[in-house]
1. For a footprinting-style exposure proxy, rank THR149, THR155 by other Cβ within 10 Å, fewest first.
2. Straight-line reach only, C-alpha to C-alpha below 29 angstrom: list the lysines that LYS98 could link to, leaving out same-chain residues fewer than 8 apart.
3. Share of antiparallel DSSP beta bridges in the chain, in percent to the nearest 5?
4. Less than 12 Å Cβ to Cβ from ALA138, Lys/Arg counted +1 and Asp/Glu -1: what total charge do the surrounding residues give?
5. Using the Cα atoms as the points, what is the convex hull volume per residue of the chain in Å³?
6. So which residue, out of LEU29, LEU177, LEU144, gets the largest mean-square fluctuation from a GNM of the chain using Cα contacts under 10 Å as springs?
7. Using alpha-carbon positions, what is the distance between the centroids of region 25-76 and region 127-176, in Å?
8. Pull up the cross-link candidates among the lysines for LYS118, meaning alpha carbon to alpha carbon under 18 Å and not fewer than 8 places away within one chain.
Amino acid sequence: MDSLRRLEEIFARFPGIGPRQARRFVYHLLNKPAASVNEFVRLVEEVKKSTAECAACHRFFMHNNSNKDICSICSDVSRDGSSLMVAARDSDFESIEKSGAYRGLYFILGGAVPVLDKDPEKRIRLEMLLKRISSSPAIKEIILSLDTTPDGEHTADIVHEAILKMTKGKTIKVSVLGRGLSTGAELEYADSETIKNALQNRK
């Protein structure tokens, strides 16, 4: 396989990108001046070097060389440590944080579990989440902030069941976002007001 087809294949692996769009990306780059392509490559390398995965919430963050382990939100003592919001992806976290409606802590699952999937632990950080909860006695509420799609609701059921089984007899509330989010909605694309309503009406 030549390098052009290989690049198409790489772009096609991006979320929501099909073969036709991947081909457009490749030809877009080919039509750009060499300086623009070099800047693109440099920025990708720079972002890769200057980001890290938080050891607590597992979101990617821009680090300074003094702290590559814990992000600024997890290390912020002013955040509400009694509340843990579980989101599927970094982009969902960004939408929630941008709304300004939530001041607790986060955990990023790393995706969702398709309805017919037989092995959810290969898809999401379920064991890591359970360890985070069991090692954090301050947590009083876990908010499942997942898409209202079939896969999102299936994932919420799996996570909810696992948490209830682990925390049996403990006073930890598990809630889900209210129906400010319409059925079939992806959290990443929800506006700030919708997210605020969903948080206020969680149950």
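1. In order of increasing Cβ crowding within 10 Å: THR149, THR155.
2. Straight-distance partners of LYS98: LYS48, LYS49, LYS68, LYS131, LYS140, LYS173, LYS196, LYS203.
3. Among the beta bridges of the chain, antiparallel pairing accounts for roughly 20 percent.
4. Neighbourhood net charge equals +1.
5. 159
6. So, out of LEU29, LEU177, LEU144, the one fluctuating most is LEU29.
7. Here the two parts' Cα centres lie 30 Å apart.
8. none
Only the coordinates and a few stated rules stand behind these numbers; no lab work does. Predicted, not measured: the structure shown is a model, and the values here were computed from it. Every residue, glycine among them, receives a Cβ derived from its backbone with ideal geometry; neighbour counts consider all protein chains shown.
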